[in-house]
C-alpha cells in the first residue's frame, strides 16, 4: 500500500495467478481473469499483473514468490481438487516454506458435507482439506471444499462458479484503496489523428492514465479514449480537455459506459 | 528445443505476453490467449506460460527477458499502435539493448497504405513504423502496420483480428516439435472416486500428462480425464487403462472431442 503525500491517494495492488495446463493447452478458455479484474476494481484493488502457469510446482512457486513481494494481494485460481494434478496447496506451502497438512477446520467441513451426500470421504477427497499449516480458510458455498489464505496470498478454485463464490466469501477481508474512476469517450476519428493531442494531454495530466482503443464500426474508423484516475477532479478536468480536442478535429465526443 | 535421447521426442516451447492496461482493468476481455494456445498447438509448439502486463516499460522488459531465456519462442500482443500508450517497440528495444528507429521497410508499407487511403502519414502514424534496429517484419494483411521479430520474440497487435492475421503471416517461420496428441474421456463418476486409480496410472505413464476436470451436468457429477503425450503408442496404452479403470468403478467411458 503506498500513500502519496502530495495527493493522499491510497493505491492497493494485486496480481492474479491462473494455475492450469488446461488453459495453456487451449482446452479451457479462462473466465476468471476478467471476473477478478472487475471484482477487484469494485473493492478498490488494482490488478497490476496476471500469469497463467502450468501444473508444475517450481513454476507456481516462482510466480507466487515474485508477485507476493511486489503487490499487496495475490489471488490464485485452480489446482485445489482431489486429483494428483491438483498441486496448488503443496506449491503454496513450498513458496512460504511451510509444511502442508490436513487443516482441522477443513476436515470438519468435508466430514459434514460427505455425511450429508453419502459419498465416501476417501483419501483423495481428504486431499482437499490440505493447506499450509496456519492458513485461514475461504468459505466455498458452492461445493464446500474450501480455499485458503496464507499472508497476502488467497487460493481459490478454478471452476468459475466456485471461484466467484469464494471471492464473494473473502472480499470483506480486503482493505481497498481509493477506487480508480474512469471515463470512456468514443469518437469517429482515427487514432493517428488524435495521437498528438492525446500525448500532450497525457503529459499535462500525469495523474490521469489515458488509453486509446481503436475500433471499426458501421464502415468507419474510430477510437475510444479511456481515462482513469483516483482523483475525481483531475479526471473531470482531463475529460473536458479530451472532448474539446475531439471537437477541434471536427469529431463529436460520444460518452460510453465504462 | 530439447531432444530426449530415450524417445527422440522433440519439444518446442513458447510463452505469450499480453500487454495492456485494458485487460487488467477488466475493460477488455482477452481473446488472444485462447487463440494462440490453439494455434501454437497446431504447429507443434507448446504454450508453457502466459503473462498479462501493464503498459509499463519496466514490467514489459522484465517479462520479455525472463521468458525469452526460458522458452523457444515468445509472442507478445498489444501496444503497437500510434498513440502514447503504445510502448511495446521501445520496451522490446530496451529488453534487447537495441536502439529503436523507423524501419525503412515498415515506412514504405505505411507510405503506400496512406497514399491509398488518403489519410495523412503524420508523426503519430509514423510511430507504427518504429522497431528495434535489425528487426524483421511480420506482415499485417488487415490494417498494414506490421508486427516484427527480434531473435525469438514475435511482436503482434492486440486487436484479435489483426493478431490472428499476423500469426498466420508468421507461422511458416516457426520450427515446431512433435505435436502433443490428446484424448479426453468423460465419465459420470466423481473425481474423488477416480483420483486414486488415476494417480497410479500417472505414476505408470510419466510420459503421458493426465488431468482431471470435474463437471456437473443433467443433475450428475462427472469428470473429464484428459491425457496428453507426444508418443502415440503411450497415449493409446494409457487411454485403454483409463477406460478400464472407469469400468472397474462401474462407470461408462464417454469419448469426447478434444
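We did not get these values from a lab; they are worked out from the coordinates using the rules stated. All figures in this text were calculated on a predicted structure; none of them were measured in a lab. Cβ atoms come from the backbone with ideal geometry, glycine included; neighbour counts cover every protein chain shown.
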What's the exposure ranking of A:245, B:128, going from fewest to most Cβ atoms within 10 Å? A:245, B:128
At q = 0.05, 0.08 Å⁻¹, what is the log10 ratio I(q)/I(0) for the protein assembly as shown, with the Debye formula run over Cα points and no solvent? -0.22, -0.56
How many nanometers, to one decimal and shortest first, lie between the label point of residue A:116 and those of its other copies, if labels sit 7 Å from Cα toward Cβ? 6.3
Using 10 Å bins from zero, what percent of all Cα-Cα pairs in segment B:2-173 falls into each bin? 10, 39, 35, 12, 3, 1, 0
Report D for segment A:24-68 in µm² per second (integer): Stokes-Einstein, Kirkwood Rh on Cα pairs, 37 °C, 0.692 mPa s. 269 µm²/s
Among the residues of chain A, which one places its Cβ closest to the rotation axis that maps chain A onto chain B, and what is that distance in whole Å? A:51, 2
Please compute the average number of Cβ atoms from other chains found within 10 Å of each residue's Cβ in peptide A:122-132. 3
Counting other chain Cβ atoms within 10 Å of each Cβ in A:55-68 and taking the mean gives 1
Label point at residue A:120 placed 7 Å out along Cα→Cβ; residues across segment B:177-191 whose backbone nitrogen lies under 17 Å: B:189-191
Longest principal axis of chain A (C-alpha) makes with the long axis of helix A:160-170 (C-alpha) an angle, in degrees to the nearest 10, of 90 degrees
Label 7 Å beyond Cα on the Cβ vector: residue A:249 copy-to-copy distances, nm: 5.9
Within a Gaussian network of chain A (alpha carbon springs, distance under 10 Å), most fluctuating of A:125, A:247, A:217: A:217
Just to confirm my numbers, what's the Cα centroid distance between segment B:142-163 and segment A:43-118 in Å? 35 Å
Ordered by fewest other Cβ atoms within 10 Å, a rough proxy for footprinting exposure, A:226, A:53 read A:226, A:53
Rounded to a whole number, the mean other protein chain Cβ count within 10 angstrom for residues of B:193-200 is 5
Across the identical copies, how the residue A:152 labels are spaced - nm, sorted shortest first, 7 Å along Cα→Cβ: 3.2
The helix B:104-117 Cα axis meets the longest alpha-carbon principal axis of chain B at an angle in degrees, between 0 and 90 and rounded to 10, of 80 degrees
Which of A:92, A:17, A:159 moves the most in a Gaussian network model of chain A with Cα springs under 10 Å? A:159
Ordering of B:110-122, A:130-142 by packing [mean C-beta count within 10 Å, highest first]: A:130-142, B:110-122
For chain A, what does the helix formula give at 222 nm: sum of -39500 (n - 2.57) over DSSP H segments with n ≥ 4, over the residue count, nearest 500 deg cm²/dmol? -11500 deg cm²/dmol
In degrees, nearest ten, helix B:32-42 long axis to first principal axis of chain B (Cα): 70 degrees
With 10 angstrom as the radius, rank B:204, A:144 by how many other C-beta atoms surround their C-beta, starting from the fewest. B:204, A:144
